[in-house]
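Trainee: There's a structure below that I have some questions on.
The values are calculated or read from the model by the stated rules, or taken from the named source; none is laboratory data. Keep in mind that what you see is a predicted model, and the values were worked out from it rather than measured. All Cβ positions, even for glycine, are placed from backbone atoms using ideal geometry, and neighbour counts span all protein chains on display. All accessible areas refer to the heavy atoms of the entire protein, side chains included, with ligands and DNA or RNA removed. Shrake-Rupley method; radii C 1.70, N 1.55, O 1.52, S 1.80 Å.
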Amino acid sequence: MTVAVRVPTAKEGGPHPVEVAARQAGEAGGLGQLGQPMDRRSPLFIGMAGAAGVAVTIALLELAIRARSVLVLIGLALFIAAGLDPVVSWLTRRRVPRGAAVVIVLLALVGVTGGFMAAAIPPLAAQASNLISELPHYAHVLQNHNSELGRLNAKYHIQQHLSHLLATRSSALIGGVLGAGTLVLDTLTSTLVVIALVVYFLAGLPQIKVFFYRLAPASRRTRVVLLGDDIFAKVGGFVLGNVVTSVIAGLGTYLWMLAFGIPYPILLGLFVALLDLIPVIGSTIGGAIVSLVALTVSLPVAIATLAFYIGYRLFEDYVLTPRIMGGAVKVPAVVSVVAVLVGGALLGIIGALVAIPVAAALRLLLDEVMFRRLDRS
C-alpha cells in the first residue's frame with residue numbers, strides 16, 4: 001500500500017519559501033549555496049547539449065557565409081598588420097612608445113607611397129597616352145606581313161577575332177565598363193576599410209594576441225604563446241620579404257626593357273612589381289605579358305625577354321627568397337604552388353597572396369602538435 005506524503009503549505013504552518021531562502025543566504029552568505037550539479041549522463045542533458053551544439057555550429061556557419069566578404073577584409077587587414085608588426089616591434093625595443101612607432105611606420109608608408117606615385121604617375125600617364133595614340137600604328141603593323149605581328153595575324157587571324165568581338169559583344173563590353181566602374185568604387189571602399197583596420201590592429205596587436213592566448217587552458221598556454229608568436233613571425237617575414245622581391249622584380253623589368261628599347265618600361269615595370277606580390281605565378285604572368293610587348297621590337301628580343309623571366313623565376317625561388325626571408329617561411333616548392341592555386345581558387349588574389357604563410361603555419365602546427373602525438377601513439 002502506497003502512502004502519499006504531502007508537503008505542508010505556509011497556511012498550514014510549513015516554512016515559507018522566502019523565509020527558507022533568507023535563512024540559507026544568512027548562513028552561507030551571498031546568494032546561498034550551490035545546488036547539486038546536473039547529471040551530465042542523463043539522456044535529457046545529452047540531448048539538449050547535442051542540440052545546442054548543432055544549433056550553434058549551424059549559426060556560426062551561416063554567419064560566416066553571410067559575412068564572408070567582411071571576414072576576408074578583416075583577415076587581410078590582420079595579415080598586413082602582422083607583416084608590419086616586426087618593424088613596430090623593432091622601434092618599441094628602442095624605447096619608442098608603441099603608438100608613436102605605429103605613427104612612424106604609417107607615415108613612412110604614406111611618404112614612400114606618395115613619393116613613388118609622384119615620381120611614377122607623370123611617366124605612366126605619358127606612356128599610357130602614347131600607347132593609346134600608337135594603337136592605329138599597331139593595327140597597321142598587324143596588316144603588314146613582313147612584321148612579326150603581321151605574320152602572327154596572318155596565321156591566327158587576330159584582327160578578325162578582335163573585330164568580331166567588338167561587333168558582337170559591344171553591349172557586353174559597355175556593361176563591362178560600367179561594371180568596372182562599380183568594381184573600382186567597391187575596391188576603393190574596401191581599401192579604406194582595410195587601411196582603417198590595419199591601423200587599429202597594428203596599435204592593439206599585443207592585446208589582441210594576449211586575448212586569444214588566454215582562451216587556451218593554463219596548462220597549455222605557454223606552448224600556445226610560443227606557437228602563436230612563431231606563426232606571427234612567419235607572416236611578418238613573408239610580407240616584408242615579398243615586398244622586397246617585388247621591388248627587385250619591377251626594377252629588373254624596368255632596366256631590361258630600357259636596355260633593349262622595349263616600350264613602356266615604367267608602366268610594365270610597375271605592373272610586374274604588383275603581380276610579383278602574388279607568389280609563384282605573379283612574376284610568370286607579368287613576364288609573359290612583357291614578352292608579348294617585346295614582340296613589337298623583334299622576335300629575338302621577345303625570346304630573350306622570355307628567357308630572362310624564366311631565369312629570374314629560378315633566381316628568385318632559389319637565391320632571393322631564401323636569403324631575404326631566411327628561415328621565416330620553410331615551405332617546399334610543390335606545397336607553395338599547390339597552396340597558391342588552392343588559395344586563388346577559394347579567395348581570388350587575396351587567397352593567393354596569403355596562401356604561403358598559411359601553409360607555413362599549418363606545417364608548423366602539424367610538426368609541433370599532430371605529428372608529435374602520432375609519434376607517441
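Trainee: Residues that are hydroxyl-bearing (Ser, Thr, Tyr), modelled with pLDDT of 85 or more, part of a helix (DSSP H, G or I) and surrounded by fewer than 12 Cβ atoms within 10 Å (Cβ to Cβ): does region 56-63 have at least one?
Mentor: Yes, because at least one residue in region 56-63 is hydroxyl-bearing (Ser, Thr, Tyr), modelled with pLDDT of 85 or more, part of a helix (DSSP H, G or I) and surrounded by fewer than 12 Cβ atoms within 10 Å (Cβ to Cβ).
Trainee: Kindly list, by first and then second residue, each pair from a residue in region 309-325 that is aromatic (Phe, Trp, Tyr) to a residue that is modelled with pLDDT of 75 or more and open to solvent by 60 Å² or more (accessible area, probe 1.4 Å), limited to pairs with Cβ atoms under 8 Å and residues at least 6 apart or on different chains.
Mentor: Tyr309/Thr284
For (1) surrounded by fewer than 20 Cβ atoms within 10 Å (Cβ to Cβ); (2) aliphatic (A, V, I, L, M), each residue gets a yes or a no:
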residue	(1), (2)
Asp229	yes, no
Val247	yes, yes
Ala259	yes, yes
Val280	no, yes
Thr284	yes, no
Ser298	yes, no
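Trainee: Something else now. Applying the selection to region 332-346, what residues are modelled with pLDDT of 75 or more, over 14 Å from Leu277 (Cβ atoms) and either touching a Gly at 6+ places or on another chain (Cβ under 9 Å) or not in a helix (DSSP H, G or I) (or both)?
Mentor: Val342, Ala345
Trainee: Would you mind stating whether Ala100 is closer than 20 Å to Ile195 by Cβ, at pLDDT 65 or above and out of contact with any Leu (no Cβ under 7 Å at 6 or more places or on another chain)?
Mentor: yes
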